[in-house]
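Peer 1: Quick one: structure below, then a few questions.
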Amino acid sequence: MPASPLAKRTAIVTGASSGIGSAIAEKLGGAGAHVVLAGRTRGSMEETQKKLREASGQASVVALDVRDPRQVQELVEGALRDTGRVDIMVNNAGVSYPAPIADADVEHWRAMLETNVLGLLVGSQAAIRAMRACKAEGHIVNISSIAAQRRDSGVYGATKHAVDCISATLRTELENDTIRVVNVMPGAIATNFARNFDPEFVQGFVKATGLAIEVKRGERLPDEVFEKLQGALKQVLGAAEDVAAAVLYAVTQPIHVNVADIVVRPAKQLNL
(Lines give C-alpha, C1' and ligand atoms only; values in the text may rest on other atoms or scores of the structure.)
Protein backbone atom coordinates (compact mmCIF):
# COMPACT_ATOMS: atom_id res chain seq x y z
CA MET A 1 0.00 0.00 0.00
CA PRO A 2 1.46 3.42 -0.92
CA ALA A 3 2.33 5.85 1.87
CA SER A 4 -0.69 8.06 1.08
CA PRO A 5 -3.27 5.75 -0.49
CA LEU A 6 -6.06 8.32 -0.10
CA ALA A 7 -4.19 11.36 -1.43
CA LYS A 8 -6.41 13.79 -3.36
CA ARG A 9 -9.57 12.15 -2.00
CA THR A 10 -12.25 13.64 0.24
CA ALA A 11 -13.73 11.70 3.14
CA ILE A 12 -16.70 12.77 5.27
CA VAL A 13 -17.10 11.27 8.74
CA THR A 14 -20.22 11.88 10.82
CA GLY A 15 -20.17 11.44 14.57
CA ALA A 16 -16.54 12.59 14.45
CA SER A 17 -16.60 14.37 17.82
CA SER A 18 -15.17 11.37 19.69
CA GLY A 19 -14.74 7.63 19.80
CA ILE A 20 -14.96 5.58 16.63
CA GLY A 21 -15.73 8.61 14.43
CA SER A 22 -12.72 10.55 15.67
CA ALA A 23 -10.47 7.50 15.21
CA ILE A 24 -11.72 6.94 11.66
CA ALA A 25 -11.16 10.60 10.79
CA GLU A 26 -7.58 10.43 12.07
CA LYS A 27 -6.90 7.18 10.22
CA LEU A 28 -8.26 8.42 6.88
CA GLY A 29 -6.51 11.77 7.28
CA GLY A 30 -3.26 10.00 8.05
CA ALA A 31 -3.67 8.09 4.78
CA GLY A 32 -3.81 11.35 2.84
CA ALA A 33 -7.52 12.15 2.57
CA HIS A 34 -8.99 15.61 3.10
CA VAL A 35 -11.28 14.75 6.00
CA VAL A 36 -14.49 16.62 6.75
CA LEU A 37 -15.28 16.00 10.41
CA ALA A 38 -18.97 16.36 11.19
CA GLY A 39 -20.60 16.18 14.60
CA ARG A 40 -22.19 18.08 17.44
CA THR A 41 -19.11 19.05 19.47
CA ARG A 42 -17.01 21.53 17.53
CA GLY A 43 -14.24 21.82 20.13
CA SER A 44 -13.22 18.16 20.11
CA MET A 45 -13.36 18.01 16.31
CA GLU A 46 -11.11 21.06 16.09
CA GLU A 47 -8.59 19.21 18.28
CA THR A 48 -8.58 16.36 15.75
CA GLN A 49 -8.32 18.86 12.92
CA LYS A 50 -5.27 20.40 14.62
CA LYS A 51 -3.60 16.98 14.95
CA LEU A 52 -4.14 16.24 11.27
CA ARG A 53 -2.87 19.63 10.15
CA GLU A 54 0.22 19.32 12.36
CA ALA A 55 0.91 16.06 10.52
CA SER A 56 0.56 17.91 7.18
CA GLY A 57 -2.97 16.60 6.65
CA GLN A 58 -6.07 18.44 5.49
CA ALA A 59 -9.24 18.64 7.56
CA SER A 60 -12.41 20.69 7.84
CA VAL A 61 -14.94 20.85 10.67
CA VAL A 62 -18.73 21.09 10.35
CA ALA A 63 -20.92 21.26 13.46
CA LEU A 64 -24.35 19.76 12.76
CA ASP A 65 -27.17 17.55 13.93
CA VAL A 66 -27.59 14.52 11.65
CA ARG A 67 -31.24 14.33 12.67
CA ASP A 68 -31.85 17.32 10.39
CA PRO A 69 -31.84 16.07 6.76
CA ARG A 70 -31.09 19.50 5.35
CA GLN A 71 -27.96 19.85 7.48
CA VAL A 72 -26.71 16.45 6.27
CA GLN A 73 -27.40 17.34 2.65
CA GLU A 74 -25.58 20.67 3.06
CA LEU A 75 -22.65 18.84 4.66
CA VAL A 76 -22.14 16.66 1.59
CA GLU A 77 -22.88 19.42 -0.91
CA GLY A 78 -20.42 21.69 0.90
CA ALA A 79 -17.66 19.07 0.80
CA LEU A 80 -18.19 18.61 -2.94
CA ARG A 81 -18.19 22.36 -3.51
CA ASP A 82 -15.14 23.09 -1.35
CA THR A 83 -12.89 20.19 -2.35
CA GLY A 84 -14.32 19.24 -5.73
CA ARG A 85 -14.85 15.64 -4.61
CA VAL A 86 -16.61 13.22 -2.32
CA ASP A 87 -14.91 9.81 -2.32
CA ILE A 88 -15.73 8.33 1.08
CA MET A 89 -18.84 8.82 3.20
CA VAL A 90 -18.66 7.31 6.69
CA ASN A 91 -22.10 7.27 8.32
CA ASN A 92 -20.90 6.77 11.88
CA ALA A 93 -23.17 9.00 13.99
CA GLY A 94 -25.21 6.88 16.36
CA VAL A 95 -26.92 6.95 19.74
CA SER A 96 -28.32 4.38 22.14
CA TYR A 97 -30.84 4.72 24.96
CA PRO A 98 -31.10 1.25 26.51
CA ALA A 99 -34.37 0.66 28.36
CA PRO A 100 -37.17 -1.91 28.41
CA ILE A 101 -39.72 -1.08 25.74
CA ALA A 102 -42.51 -0.89 28.35
CA ASP A 103 -40.63 1.80 30.29
CA ALA A 104 -38.83 3.72 27.55
CA ASP A 105 -39.17 7.38 26.60
CA VAL A 106 -40.74 7.85 23.17
CA GLU A 107 -38.38 10.74 22.46
CA HIS A 108 -35.42 8.43 23.00
CA TRP A 109 -36.87 6.10 20.34
CA ARG A 110 -37.24 9.09 18.03
CA ALA A 111 -33.63 10.14 18.64
CA MET A 112 -32.33 6.65 17.82
CA LEU A 113 -34.44 6.29 14.69
CA GLU A 114 -33.62 9.76 13.37
CA THR A 115 -29.90 9.52 14.15
CA ASN A 116 -29.12 5.88 13.40
CA VAL A 117 -31.45 5.37 10.43
CA LEU A 118 -32.73 8.61 8.90
CA GLY A 119 -29.39 10.43 9.18
CA LEU A 120 -27.61 7.47 7.60
CA LEU A 121 -30.14 7.26 4.76
CA VAL A 122 -29.88 10.96 3.96
CA GLY A 123 -26.08 10.84 4.17
CA SER A 124 -25.94 7.87 1.83
CA GLN A 125 -28.30 9.43 -0.70
CA ALA A 126 -26.44 12.75 -0.72
CA ALA A 127 -23.09 10.95 -1.04
CA ILE A 128 -24.27 8.86 -4.00
CA ARG A 129 -25.34 12.00 -5.83
CA ALA A 130 -22.05 13.74 -5.06
CA MET A 131 -19.93 10.72 -6.04
CA ARG A 132 -21.78 10.39 -9.33
CA ALA A 133 -21.34 14.10 -9.98
CA CYS A 134 -17.55 13.94 -9.56
CA LYS A 135 -17.28 10.44 -11.10
CA ALA A 136 -15.65 9.05 -7.98
CA GLU A 137 -14.61 5.50 -7.32
CA GLY A 138 -16.31 5.87 -3.98
CA HIS A 139 -17.13 4.08 -0.77
CA ILE A 140 -20.11 4.46 1.53
CA VAL A 141 -19.23 3.08 4.97
CA ASN A 142 -22.10 2.46 7.35
CA ILE A 143 -21.29 1.79 11.00
CA SER A 144 -23.74 -0.82 12.22
CA SER A 145 -23.27 -3.00 15.33
CA ILE A 146 -23.09 -6.63 16.34
CA ALA A 147 -26.44 -5.87 18.00
CA ALA A 148 -27.84 -6.41 14.51
CA GLN A 149 -26.82 -10.07 14.76
CA ARG A 150 -29.24 -10.62 17.64
CA ARG A 151 -33.03 -10.65 17.33
CA ASP A 152 -33.58 -9.43 20.91
CA SER A 153 -31.30 -6.39 20.97
CA GLY A 154 -34.03 -3.84 21.63
CA VAL A 155 -34.91 -0.65 19.78
CA TYR A 156 -31.24 0.24 19.33
CA GLY A 157 -30.66 -3.20 17.81
CA ALA A 158 -33.66 -2.67 15.56
CA THR A 159 -32.05 0.48 14.16
CA LYS A 160 -28.89 -1.49 13.44
CA HIS A 161 -30.88 -4.27 11.76
CA ALA A 162 -32.18 -1.43 9.58
CA VAL A 163 -28.61 -0.29 8.86
CA ASP A 164 -27.68 -3.80 7.71
CA CYS A 165 -30.73 -3.91 5.46
CA ILE A 166 -30.02 -0.46 4.02
CA SER A 167 -26.38 -1.37 3.37
CA ALA A 168 -27.32 -4.59 1.57
CA THR A 169 -29.98 -2.81 -0.48
CA LEU A 170 -27.58 -0.03 -1.48
CA ARG A 171 -24.95 -2.60 -2.41
CA THR A 172 -27.38 -4.17 -4.89
CA GLU A 173 -28.58 -0.84 -6.23
CA LEU A 174 -25.02 0.38 -6.83
CA GLU A 175 -23.58 -2.73 -8.49
CA ASN A 176 -23.35 -0.91 -11.83
CA ASP A 177 -21.84 2.22 -10.27
CA THR A 178 -18.24 2.73 -9.18
CA ILE A 179 -19.48 3.01 -5.59
CA ARG A 180 -18.99 0.26 -3.05
CA VAL A 181 -20.87 -0.15 0.24
CA VAL A 182 -19.13 -1.35 3.41
CA ASN A 183 -21.08 -2.40 6.50
CA VAL A 184 -18.99 -2.39 9.69
CA MET A 185 -20.31 -4.07 12.85
CA PRO A 186 -18.29 -3.18 15.97
CA GLY A 187 -18.64 -5.12 19.17
CA ALA A 188 -18.02 -3.61 22.60
CA ILE A 189 -15.61 -0.71 22.06
CA ALA A 190 -14.16 1.58 24.75
CA THR A 191 -15.86 4.88 23.81
CA ASN A 192 -18.36 7.41 25.19
CA PHE A 193 -21.10 5.49 23.38
CA ALA A 194 -22.34 4.15 26.74
CA ARG A 195 -22.96 7.61 28.21
CA ASN A 196 -26.73 7.01 28.23
CA PHE A 197 -26.42 3.62 29.94
CA ASP A 198 -27.18 3.05 33.63
CA PRO A 199 -24.48 5.08 35.48
CA GLU A 200 -23.94 2.25 37.97
CA PHE A 201 -23.16 -0.12 35.09
CA VAL A 202 -20.65 2.32 33.56
CA GLN A 203 -19.17 3.13 36.98
CA GLY A 204 -18.13 -0.50 37.32
CA PHE A 205 -15.96 -0.17 34.21
CA VAL A 206 -14.52 3.19 35.29
CA LYS A 207 -13.56 1.65 38.63
CA ALA A 208 -11.35 -0.83 36.74
CA THR A 209 -9.19 2.09 35.55
CA GLY A 210 -8.35 3.23 39.08
CA LEU A 211 -9.55 6.76 38.27
CA ALA A 212 -11.79 8.59 40.73
CA ILE A 213 -14.39 9.89 38.28
CA GLU A 214 -18.11 10.13 38.95
CA VAL A 215 -20.28 8.87 36.11
CA LYS A 216 -23.33 10.97 35.25
CA ARG A 217 -25.88 9.86 32.69
CA GLY A 218 -25.49 11.66 29.37
CA GLU A 219 -22.10 13.24 30.21
CA ARG A 220 -18.91 12.38 28.34
CA LEU A 221 -16.01 10.78 30.16
CA PRO A 222 -12.47 12.05 29.55
CA ASP A 223 -10.28 10.26 26.98
CA GLU A 224 -7.96 9.10 29.78
CA VAL A 225 -10.69 6.77 31.01
CA PHE A 226 -10.88 4.93 27.71
CA GLU A 227 -7.13 4.71 27.29
CA LYS A 228 -6.82 3.04 30.68
CA LEU A 229 -10.03 1.05 30.29
CA GLN A 230 -9.05 -0.52 27.00
CA GLY A 231 -5.65 -1.39 28.41
CA ALA A 232 -7.11 -2.94 31.56
CA LEU A 233 -9.96 -4.83 29.89
CA LYS A 234 -8.71 -5.40 26.35
CA GLN A 235 -10.10 -8.92 26.32
CA VAL A 236 -13.67 -7.58 26.53
CA LEU A 237 -13.38 -4.01 25.20
CA GLY A 238 -11.98 -3.18 21.79
CA ALA A 239 -10.33 0.07 20.72
CA ALA A 240 -11.79 2.65 18.35
CA GLU A 241 -8.52 2.48 16.41
CA ASP A 242 -9.25 -1.17 15.56
CA VAL A 243 -12.50 -0.17 13.87
CA ALA A 244 -10.73 2.68 12.08
CA ALA A 245 -8.10 0.27 10.74
CA ALA A 246 -10.84 -1.96 9.35
CA VAL A 247 -12.45 1.02 7.59
CA LEU A 248 -9.13 2.08 6.07
CA TYR A 249 -8.54 -1.46 4.79
CA ALA A 250 -11.98 -1.57 3.13
CA VAL A 251 -11.77 1.81 1.41
CA THR A 252 -8.29 1.22 0.02
CA GLN A 253 -9.24 -1.90 -1.91
CA PRO A 254 -9.57 -1.72 -5.72
CA ILE A 255 -13.02 -0.64 -6.83
CA HIS A 256 -13.75 -4.08 -8.31
CA VAL A 257 -13.50 -5.49 -4.76
CA ASN A 258 -16.36 -4.96 -2.30
CA VAL A 259 -15.48 -5.65 1.32
CA ALA A 260 -19.14 -5.97 2.16
CA ASP A 261 -19.36 -6.76 5.89
CA ILE A 262 -16.79 -6.50 8.67
CA VAL A 263 -17.24 -7.51 12.31
CA VAL A 264 -14.70 -5.92 14.68
CA ARG A 265 -14.91 -7.20 18.25
CA PRO A 266 -12.66 -8.01 21.19
CA ALA A 267 -11.60 -11.56 22.03
CA LYS A 268 -14.44 -11.97 24.54
CA GLN A 269 -17.88 -10.64 23.73
CA LEU A 270 -20.11 -8.53 25.96
CA ASN A 271 -23.82 -8.76 25.17
CA LEU A 272 -24.82 -5.11 25.56
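Peer 1: Inside the range 41-79, can you point out the residues that are touching a strand residue (DSSP E or B) at 6+ places or on another chain (Cβ under 8 Å) and among the aliphatic types (A, V, I, L, M)?
Peer 2: Scanning the range 41-79 gives Met45, Leu52, Ala59, Val61, Val62, Ala63, Leu64, Val66, Val72, Leu75, Val76, Ala79.
Peer 1: Kindly evaluate Lys27 against the criterion of being assigned to a helix (DSSP H, G or I), open to solvent by 20 Å² or more (accessible area, probe 1.4 Å) and under 16 Å from Val251 (Cα atoms).
Peer 2: yes
Peer 1: Further question on the same structure: Checking Ser56 against (1) in a loop (DSSP other than H, G, I, E, B); (2) crowded, with 16+ Cβ neighbours inside 10 Å; (3) without any contact (Cβ under 8 Å) to a residue 40 or more places away in the chain, which test does it fail?
Peer 2: Tallying (1) in a loop (DSSP other than H, G, I, E, B); (2) crowded, with 16+ Cβ neighbours inside 10 Å; (3) without any contact (Cβ under 8 Å) to a residue 40 or more places away in the chain, Ser56 fails exactly one: (2).
Per-residue answers, yes or no, for (1) free of Cβ contacts under 8 Å to residues at least 12 places away in the same chain; (2) basic (Lys, Arg); (3) within 18 Å of Ile20 (Cα to Cα):
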site	(1), (2), (3)
Val66	no, no, yes
Val106	yes, no, no
Ala111	no, no, no
Asn116	no, no, yes
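Peer 1: Can you tell me how many residues within the range 133-157 are in contact with a Gly (Cβ under 7 Å, 6 or more places away or on another chain) and in a helix (DSSP H, G or I)?
Peer 2: So the count comes out to 3.
Peer 1: Going residue by residue through the range 2-18, is there one that turns out to be open to solvent by 30 Å² or more (accessible area, probe 1.4 Å) and among the β-branched types (Val, Ile, Thr)?
Peer 2: So far as the range 2-18 goes, no, none of its residues is open to solvent by 30 Å² or more (accessible area, probe 1.4 Å) and among the β-branched types (Val, Ile, Thr).
Peer 1: What pairs come out if I take residues in the range 85-104 that are surrounded by 24 or more Cβ atoms within 10 Å (Cβ to Cβ) and pair them with residues that are among the charged types (D, E, K, R) whose C-beta lies under 8 Å away, six or more apart or interchain?
Peer 2: Partner pairs satisfying both residue conditions: Asp87/Arg9; Asp87/Glu137; Ile88/Arg9.
Peer 1: Please go through the range 34-45 and pick out each residue that is in a helix (DSSP H, G or I) and either surrounded by 18 or more Cβ atoms within 10 Å (Cβ to Cβ) or more than 17 Å from the chain's Cα centre (by Cα) (or both).
Peer 2: Gly43, Ser44, Met45, listed by residue number.
Peer 1: Going by the structure shown, is Tyr97 among the aromatic types (Phe, Trp, Tyr) and not in a loop (DSSP other than H, G, I, E, B)?
Peer 2: no
Residues are listed down the side, and each one gets a yes or a no for (1) in a loop (DSSP other than H, G, I, E, B); (2) open to solvent by 60 Å² or more (accessible area, probe 1.4 Å):
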residue: Gly32; (1), (2): yes, no
residue: Thr48; (1), (2): no, no
residue: Arg70; (1), (2): no, yes
residue: Glu74; (1), (2): no, yes
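Peer 1: While we're looking at this one, here's another question. Give the number of residues within the range 121-141 that are over 13 Å from Ile179 (Cβ atoms) and either free of Cβ contacts under 8 Å to residues at least 12 places away in the same chain or open to solvent by less than 10 Å² (accessible area, probe 1.4 Å) (or both).
Peer 2: 1
The values are calculated or read from the model by the stated rules, or taken from the named source; none is laboratory data. Since the model is a prediction, treat every value here as computed from it, not as a measurement. FYI the Cβ positions are ideal-geometry reconstructions off the backbone, even for glycines, and counts take in every protein chain you see. Keep in mind that these areas ignore ligands, DNA and RNA; they rest on the heavy atoms of the full protein, side chains included. Shrake-Rupley method; radii C 1.70, N 1.55, O 1.52, S 1.80 Å.
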